[in-house]
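Single-structure report; data block below.
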Amino acid sequence: MNVQIEDSWKGILQEEFDKPYFARLVAFLHAEKAAGKRIYPAGNRIFKAFELTPFDDVKVVILGQDPYHNPGQAMGLSFSVPDGVPAPPSLKNIFREIEDDLGIRMSGRPNLEPWARQGVLLLNAVLTVEAGKAASHSRSGWQEFTDAVIRTLSERREGLVFLLWGNFARSKRGLIDPARHFVLEAAHPSPLAGGAFFGCRHFSKTNEILRNAGKTPIEWKL
């Protein structure tokens, strides 16, 4: 893997990189590529969330499940796709909720890097996927790694806002200390949830929490 990761995360996660499960994970990925399988995202984007959002700058965590498995979509940030790629249905619904919640007009730009640079850790629980096969790497070891990331954020930081959308993300709430952090839960923004995500108002609620803590709110508008 061509790993690019911001320095603050390197020190914090080195212990995980040195564990046997991570060596097995790397070996698995090498074997998959050697077998001619196409893996998303590209190697230099696997740790994009950690590259753009330093550990001490994290204010909000949006937890996704695994990367998009269609060509050109996965970029290492949960729910985000590169500029020029049509926004997937879940992201369209996220934008719709932002518009309704904040009374603003989104541009439709699907690249969420501006959020990441403001302290929104856009973390997928699984960081790679085989092309065309959703959740194909869900048992590869990534969840052990990202569970450690969530647990470390919970233990070493204070006052973070965790946005857990859908049953999978909600299953991670046991890793978060609710006495130290804010946990907002809602249905998944996927159309398969039948619109249950709408009305959660997580974007205005997040900014209210940040303001009350004396932190700069997130500029959600893209």
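Every read-out reported here was derived from the displayed coordinates using simple, explicitly stated rules and does not represent laboratory data. Note that the structure is predicted; figures quoted are calculated from it, not measured. Reconstructed Cβ throughout: ideal geometry from the backbone, glycine too, with neighbour counts over all protein chains shown.
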Whole-percent tail of the Cα-Cα distance distribution for region 1-108, cut at 25 Å, equals 33 percent
For the pair residue 70 and residue 56, the simple spin-label estimate (label points 7 Å beyond Cα toward Cβ) gives in nm 4.1 nm
Region 8-65 and region 167-201 have their Cα centres apart by a whole-number Å value of 23 Å
Residue 7 and residue 92 label points (each 7 Å along its Cα→Cβ direction) are spaced in nm at 4.4 nm
Plugging the Cβ-Cβ distance of residue 185 and residue 147 into 1/(1 + (r/R0)^6) at R0 = 25 Å yields, to the nearest 0.05, a FRET efficiency of 0.90
Along region 57-66, Karplus-curve 3J(HN,Hα) (6.51, -1.76, 1.60; θ = phi - 60°) to the nearest Hz, with x for Gly and Pro, reads 8, 5, 10, 9, 10, 10, 9, x, 9, 8
Note: residue 24 to residue 117 extended length (0.36 nm per residue) minus current alpha-carbon separation gives 30.4 nm
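Output the Kirkwood hydrodynamic radius of region 86-222, Cα pairs only, in Å rounded to one decimal.
Working: mean 1/r = 0.0619 Å⁻¹.
Hydrodynamic radius (Kirkwood, Cα only) of region 86-222 equals 16.1 Å.
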Amide H proximity to residue 124 below 5 Å, modelled H, separation 5+ or other chain, gives 64, 78
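Only sites in a loop by DSSP and with at most 14 other Cβ atoms within 10 Å count here; which trypsin sites (Lys or Arg not before Pro) in region 150-185 make the cut? Before the final figure, lay out the partial values.
On the way: sites: 151, 156, 157, 170, 172, 173, 180; in loops: 157, 172, 180.
Sites meeting the loop and neighbour criteria: 180.
How much length is gained if the chain between residue 33 and residue 205 is pulled fully straight, taking 0.36 nm per residue apart and subtracting their Cα-Cα distance, in nm to one decimal? Don't skip to the answer; put the middle values down first.
Numbers: separation 172, 0.36 × 172 = 61.92 nm, distance 4.25 nm.
Taking residue 33 through residue 205 to full extension adds about 57.7 nm, to one decimal.
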